[in-house]
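*Asks:* Can you read through this structure? Questions will come right after.
The values are calculated or read from the model by the stated rules, or taken from the named source; none is laboratory data. Everything quoted here is computed from the prediction, not taken from an experiment. All Cβ positions, glycine included, derive from the backbone under ideal geometry; neighbour counts span all protein chains shown.
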Amino acid sequence: MIKRNPMNKTKPLLLASAVLSLVLGIGSKRMFSEMYHSKIPYQKKQAIEAIIQEDVQDTKRIDVEEAINDRFNRYFNTYSIGGKSITLNMPFGENCERSEEENYNQAFYHAGKGEPTNLWKAVHYAVKSPRFNRYISELKAEKEKVVIFDLKKQKYDVSSDKELVSKMKKGKYPGNSSLVYIYKKDGSFGEEDVYNYLYCISRVGTDCSGFVYNIQKAIASEKGINLDRMLAKKLGVRKEKVPIYIGTWLYNPENGYTENVEDRISNIKAGDMILFRGKEGKVKHSAVVQSVDKEKGIVRYMQSTDWAPQEERGVHESLIIFNPKNPNVSLKDKSLIWKQKISPTFKGEQPIGWRNDGDRYRAYRDYGGGMIARLRVK
């Protein structure tokens, strides 16, 4: 009869307890040390520790991804409008986006930096107003028409002028940065029409840096960090004043609030920021990585922009497809497929010049093109 070592029965249970303890962070080091000191060969002990640490890192990564996803989902809401159920994504809203040439003050609610809860309060107020209901009623009229938004005066008009309708149908767009023309062929309406009203009349939305900052706040909170308080100390301002200082400048590593991440997919983590340059090399647009699936070859990132197809304007997700066998490529590599298309804000306006986010990321090569940055949280 073979005598069994009593430890053989308890080792799997002890190992499971140690793993669980490490993942949960409950006295893990002491438990591991006490239970396995001199009981397991050094090499095996190292292997077990490596597996546990890998599990802990995976858990942290999943927590960050879930935190991002949860905050992202708060930028969507469903309303009953004109007898239809319409799901809205928060519009894009950047102060003075279209007013610089026209010299008027295009100021958005909370300067485009508000948290989702506060922004939805403003949206709710707008879509319940008599003015908005009148707008929807006019859209529902079964006839060809052109909706004209005057961004300076925050007013709209609906015209059935045959000459104007004909011009719009032929693709001859008469608008400019402060006058937006929308052709409607019948009485249909949808999310795009609600977006147009919220952007042009109500001026409610979030700009790219405001959206990214609120995502970063969610990530920091997951780690037990109050990002507003941390930045308030660094900026030398009161905590409640922090949002007005938020802008793409903050994410540029040159300013010390973020660190540069080597531009390779293998280096990118959830929470990293994808920064796009503009004229003179300045950071003009920001997005945030939600996840990197190295097995399927997919980078999922999120952003707020109105340079997108009509149904995607505002807060939305985007994808980058890469070869899983080659995760060391730069985001500038042309083998990557950037699924996010770029379109003018309103139908009929001049094309932006880039086909997709990949073109935009690679632009301004004299300044190095786009870059990846990670927020400093110390």
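*Asks:* May I ask you to say which residue of Arg313, Arg264 is crowded, with 21+ Cβ neighbours inside 10 Å, in contact with a strand residue (DSSP E or B) (Cβ under 9 Å, 6 or more places away or on another chain) and charged (D, E, K, R)?
*Replies:* Just one listed residue meets the conditions, Arg313.
*Asks:* Okay, next question. Only residues that are in contact with a helix residue (DSSP H, G or I) (Cβ under 6 Å, 6 or more places away or on another chain), surrounded by fewer than 20 Cβ atoms within 10 Å (Cβ to Cβ) and farther than 25 Å from Ser137 by Cβ: list them for the range 71-93, please.
*Replies:* Of everything in the range 71-93, just one residue is in contact with a helix residue (DSSP H, G or I) (Cβ under 6 Å, 6 or more places away or on another chain), surrounded by fewer than 20 Cβ atoms within 10 Å (Cβ to Cβ) and farther than 25 Å from Ser137 by Cβ, namely Arg74.
*Asks:* So the check is Cβ under 7 Å with 6+ separation or different chains; which pairs have a first residue in the range 129-158 that's free of Cβ contacts under 8 Å to residues at least 60 places away in the same chain and in the same structural domain as Gly82 (by TED's automatic domain parsing) and a second one that's part of a strand (DSSP E or B) and of a type in the set (S, T, N, Q)?
*Replies:* Listed pairs, sorted by first residue: Lys145/Ser159; Val146/Ser159; Ile148/Ser159.
*Asks:* Taking the stated definitions as given, is Gly353 without any contact (Cβ under 8 Å) to a residue 60 or more places away in the chain, touching a helix residue (DSSP H, G or I) at 6+ places or on another chain (Cβ under 9 Å) and farther than 24 Å from Glu191 by Cβ?
*Replies:* So Gly353 fits the description; yes.
*Asks:* Would you check which residues across the range 288-304 are within 16 Å of Ile321 (Cβ to Cβ), among the aliphatic types (A, V, I, L, M) and under 15 Å from the mean Cα position of the chain (by Cα) and list them?
*Replies:* Those that are within 16 Å of Ile321 (Cβ to Cβ), among the aliphatic types (A, V, I, L, M) and under 15 Å from the mean Cα position of the chain (by Cα): Val289, Val292, Val299.
*Asks:* Now a separate question. Scan the range 131-146 and tell me whether some residue there is surrounded by fewer than 20 Cβ atoms within 10 Å (Cβ to Cβ), more than 20 Å from Ser188 (Cβ to Cβ) and at pLDDT 95 or above.
*Replies:* So far as the range 131-146 goes, yes, one or more of its residues are surrounded by fewer than 20 Cβ atoms within 10 Å (Cβ to Cβ), more than 20 Å from Ser188 (Cβ to Cβ) and at pLDDT 95 or above.
*Asks:* Sticking with this structure for a sec: Mind checking whether some residue in the range 285-308 is of a type in the set (D, E, K, R), free of Cβ contacts under 8 Å to residues at least 24 places away in the same chain, crowded, with 17+ Cβ neighbours inside 10 Å and in the same structural domain as Lys223 (by TED's automatic domain parsing)?
*Replies:* Yes, the range 285-308 has at least one match.
*Asks:* Please state which one of Ser318, Ser343, Ser335 is touching a residue at least 12 places away in the same chain (Cβ under 8 Å), loosely packed, with under 15 Cβ neighbours inside 10 Å, out of contact with any Ser or Thr (no Cβ under 7 Å at 6 or more places or on another chain) and small (Gly, Ala, Ser).
*Replies:* Exactly one of Ser318, Ser343, Ser335 is touching a residue at least 12 places away in the same chain (Cβ under 8 Å), loosely packed, with under 15 Cβ neighbours inside 10 Å, out of contact with any Ser or Thr (no Cβ under 7 Å at 6 or more places or on another chain) and small (Gly, Ala, Ser), namely Ser335.
*Asks:* In the range 222-260, what residues are buried (at least 18 other Cβ atoms within 10 Å of the Cβ) and either in a strand (DSSP E or B) or not assigned by TED's automatic domain parsing to the domain that holds Lys282 (or both)?
*Replies:* Matches in the range 222-260: Thr258 only.
*Asks:* Looking at Asp263, is it in contact with a Ser or Thr (Cβ under 9 Å, 6 or more places away or on another chain) and of a type outside the set (Lys, Arg)?
*Replies:* So Asp263 passes the test.
*Asks:* I would also like to ask the following. Of the residues that make up the range 230-247, is at least one under 28 Å from the mean Cα position of the chain (by Cα), under 18 Å from Val283 (Cα atoms) and free of Cβ contacts under 8 Å to residues at least 60 places away in the same chain?
*Replies:* Yes, there is a match, as at least one residue in the range 230-247 is under 28 Å from the mean Cα position of the chain (by Cα), under 18 Å from Val283 (Cα atoms) and free of Cβ contacts under 8 Å to residues at least 60 places away in the same chain.
*Asks:* Considering Ile215, Ile219, which residue is over 14 Å from Ile372 (Cα atoms), among the hydrophobic types (A, V, I, L, M, F, W, C) and touching a Lys or Arg at 6+ places or on another chain (Cβ under 7 Å)?
*Replies:* After applying the criteria, what remains is Ile215.
*Asks:* Here are some conditions: (1) without any contact (Cβ under 8 Å) to a residue 12 or more places away in the chain; (2) closer than 20 Å to Tyr245 by Cβ; (3) not aromatic (Phe, Trp, Tyr). Ala111 meets all but one. Which one does it not meet?
*Replies:* Only one criterion is unmet by Ala111, namely (1).
*Asks:* Given (1) without any contact (Cβ under 8 Å) to a residue 12 or more places away in the chain; (2) more than 21 Å from Tyr361 (Cα to Cα), identify the lone condition not met by Glu254.
*Replies:* Just one mismatch for Glu254, condition (2).
*Asks:* Could you figure out which of (1) buried (at least 16 other Cβ atoms within 10 Å of the Cβ); (2) under 21 Å from the mean Cα position of the chain (by Cα); (3) under 19 Å from Ala270 (Cα atoms) isn't true of Arg376?
*Replies:* For Arg376, the exception is condition (1).
*Asks:* List every residue pair whose Cβ atoms lie under 6 Å apart, where the two residues are 6 or more positions apart in sequence or sit on different chains, the first residue falls within the range 197-208 and is of a type in the set (S, T, N, Q), and the second residue, located anywhere, is part of a helix (DSSP H, G or I).
*Replies:* If the second residue must be part of a helix (DSSP H, G or I), the pairs left are Ser202/Ala126; Thr206/Gly112.
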